[in-house]
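Before any comments, here is the structure.
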Amino acid sequence: MSSNTKLTKLLLILLLQLTMLHQMKSMSLLMREASLRSGSSLLLLTQGHRQLSKKISVLSSLKNHKGSNNDDRSDTNSEHDNRRRDQQQQQQQQQQLERNYKISLPDNLYRPFFPIYYNDVYEVPLPPRHRFPMSKYRQVRERVQDGIATLTSKDGSDGSGYTAADTATTVTTTVTTAPAAVQLNFIVSPLVTKEDLITTHCEKYVERYLIGDQTELELRNVGFPWSPEGVNRSLSSTGGTVAAALAVCNARKEQLNVSLGGADIQVPAATLTSDADGDDATDFVASAGTATATTNARFGPLFAAHVAGGTHHAFRDRGEGFSVFSDIAVAANVVLRDFPEIVSRILIIDLDVHQGNGNAVLFQNDDRVFTFSMHCKGNYFSAKEDSDLDIELPIGCNDETYLGTLNHWLKRIRNEAGQFDLIFFQAGVDIIESDRLGRMNITHKGICRRNRMVYKFALDTGIPIVITMGGGYPRKDWEPILRAHTDVYMNAFESIRSFNDQNR
């Protein structure tokens with residue numbers, strides 16, 4: 001073999017060895033890179049586990065589930081469908097339950113009817129030194145219960161039909177002992193439904209309030225901090241007034257059916273009248289097509305009350321002045337929707353020291369509701385709005401001026417404003433001389449005379465009336481405010497009994 005051939009072989013062997021070494025080195029690098037990648041993946045997975053542990057757990061449980069075949073997937077889907085169907089049924093049942101307000105109905109249409117709703121079971125703790133007197137609602141309700149019980153115990157011949165309600169009881173049983181008994185019970189205010197709230201208020205506003213999605217400015221304007229307890233209180237404050245209005249409208253409908261001989265006839269509310277024959281008895285004259293019916297039967301007066309509500313500063317999409325929703329406006333709209341054959345026009349008598357500005361705006365383009373607000377001229381805390389009838393009284397107004405003015409305008413409303421089918425009375429007592437925010441000088445006696453004047457207006461015209469609370473802000477001594485609020489309801493009870501005695 002020549003020397004050149006040997007040299008060539010050696011060079012080939014060396015080249016082959018170098019190639020093999022290079023390949024081994026490359027493989028080592030690849031393995032090292034793969035190891036690093038694997039380590040990085042494990043590191044990333046560990047970090048991601050901290051953030052996505054719930055998702056990984058769910059995926060893992062699905063992966064390790066014994067039933068991984070198609071049949072098991074079908075079972076899983078079926079279980080999901082059943083669960084979703086059960087949830088839908090529960091929601092429907094809850095909606096139906098919520099829609100069923102606790103409506104009190106009279107046992108006897110010829111006896112006075114006076115259900116009283118209250119919502120102090122939803123008392124909400126407020127920050128120290130908060131100026132809203134939350135505890136007054138329970139104190140007033142207890143005083144009214146005690147006062148009515150005392151009156152009826154002194155006069156056993158009347159038989160009030162009154163039963164005190166335990167706070168855990170939603171509806172009491174009416175007990176009567178005499179033909180002329182006042183049918184009266186105390187009922188826990190139901191929560192208003194969203195369906196009824198949006199007859200009056202913006203749906204987005206309602207939804208935002210329910211979940212606490214409000215700005216600091218909105219909360220400051222209302223005057224309450226948001227809380228779940230506060231939501232229930234606001235809903236019950238409106239729900240009680242709605243239930244009270246539905247109660248008297250249901251009773252009115254039954255009275256009308258009886259006056260028509262039991263016929264279930266759709267009668268325009270404008271054809272209803274009172275005392276048609278001038279004998280001072282409440283009559284009902286109704287016409288439907290060619291059918292006409294008249295009765296002189298003395299049906300019992302229809303009153304209902306709420307020891308809460310009167311939140312007349314709420315607007316369509318905002319609240320202010322301790323008013324989240326307008327209970328009177330919502331109740332009015334619900335009644336107009338649900339009882340078109342009974343109620344075509346509504347009168348709101350607002351005698352709070354402050355203007356009912358929210359209701360003025362809510363009904364400014366609605367001829368079915370007449371808003372009458374008599375208030376202090378120098379006590380606006382926001383822009384003045386235009387009611388159908390605004391009567392401003394001076395700062396420091398006394399009993400004589402106040403009562404004379406009210407009497408004048410009630411007469412004019414009766415004679416000039418047309419027929420009404422339902423009255424709402426916002427019975428604020430912040431007109432009293434001792435009120436911390438009132439700026440008027442009406443005495444306790446003057447407030448009682450005011451109340452009786454409104455009740456006489458309702459009784460004389462035969463129009464059902466719904467009474468709500470209103471403003472009343474005590475100084476250090478709470479007694480004048482508590483007594484004034486209590487007498488709003490006691491005066492109503494006494495007026496009903498007196499009217500009934502005179503018209504037996």
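The values are calculated or read from the model by the stated rules, or taken from the named source; none is laboratory data. Computed from a predicted model, the values in this text were never measured in an experiment. All Cβ positions, glycine included, derive from the backbone under ideal geometry; neighbour counts span all protein chains shown. Ligands, DNA and RNA are excluded from the accessible area calculation, which covers all protein heavy atoms including side chains. Shrake-Rupley method; radii C 1.70, N 1.55, O 1.52, S 1.80 Å.
Here's a check for you: in the stretch 491-504, which residue that is in contact (Cβ under 8 Å) with a residue 60 or more places away in the chain, out of contact with any strand residue (DSSP E or B) (no Cβ under 7 Å at 6 or more places or on another chain) and assigned to a helix (DSSP H, G or I) is surrounded by the most Cβ atoms within 10 Å (Cβ to Cβ)? For the stretch 491-504, the residue satisfying everything is Phe493. Among the residues of the stretch 376-391, at least one is open to solvent by less than 40 Å² (accessible area, probe 1.4 Å), of a type outside the set (A, V, I, L, M), under 21 Å from Leu422 (Cα atoms) and part of a loop (DSSP other than H, G, I, E, B).
Assess whether Asn119 counts as being at pLDDT 75 or above and more than 18 Å from Gly310 (Cα to Cα). No. Checking each residue of the stretch 299-311 against the condition of being open to solvent by 20 Å² or more (accessible area, probe 1.4 Å) and at pLDDT below 95 gives at least one match.
Residue count for the stretch 431-478, restricted to those that are without any contact (Cβ under 8 Å) to a residue 60 or more places away in the chain and of a type in the set (S, T, N, Q): 4.
Please go through the stretch 128-143 and pick out each residue that is in a loop (DSSP other than H, G, I, E, B) and either buried (at least 16 other Cβ atoms within 10 Å of the Cβ) or among the aliphatic types (A, V, I, L, M) (or both). Show your work before the answer.
Of the residues in the stretch 128-143, the ones in a loop (DSSP other than H, G, I, E, B) are 128-135.
Within the stretch 128-143, Pro133, Met134 meet the criteria.
Taking the stated definitions as given, is Asn365 free of Cβ contacts under 8 Å to residues at least 12 places away in the same chain and among the polar types (S, T, N, Q)? Even if it seems obvious, please write down each step before you answer.
Numbers: free of Cβ contacts under 8 Å to residues at least 12 places away in the same chain: yes; among the polar types (S, T, N, Q): yes.
When the stated conditions are applied, Asn365 passes them.
Within the stretch 314-369, the set of residues being farther than 28 Å from Asn232 by Cβ and open to solvent by 10 Å² or more (accessible area, probe 1.4 Å) comprises Pro340, Glu341, Ser344, Arg345, Gln364, Asn365, Asp366, Asp367, Arg368.
Considering each residue of the stretch 239-248 in turn, none proves to be over 19 Å from Asp327 (Cα atoms) and in a helix (DSSP H, G or I).
Can you tell me how many residues in the stretch 306-343 are outside any loop (DSSP other than H, G, I, E, B) and basic (Lys, Arg)? Break it down stepwise before answering.
Within the stretch 306-343, the subset outside any loop (DSSP other than H, G, I, E, B) is 306-307, 320, 323, 327-338.
Checking which are basic (Lys, Arg) leaves us with 337.
Total meeting the criteria: 1.
Of the numbered criteria (1) among the β-branched types (Val, Ile, Thr); (2) modelled with pLDDT of 90 or more; (3) in a loop (DSSP other than H, G, I, E, B), the one Ile265 fails is (2). For the stretch 441-490, the candidate set comprises residues that are more than 24 Å from Thr238 (Cα to Cα) and of a type in the set (Lys, Arg); within that set, the residue that is most open to solvent (accessible area, probe 1.4 Å) is Lys476.
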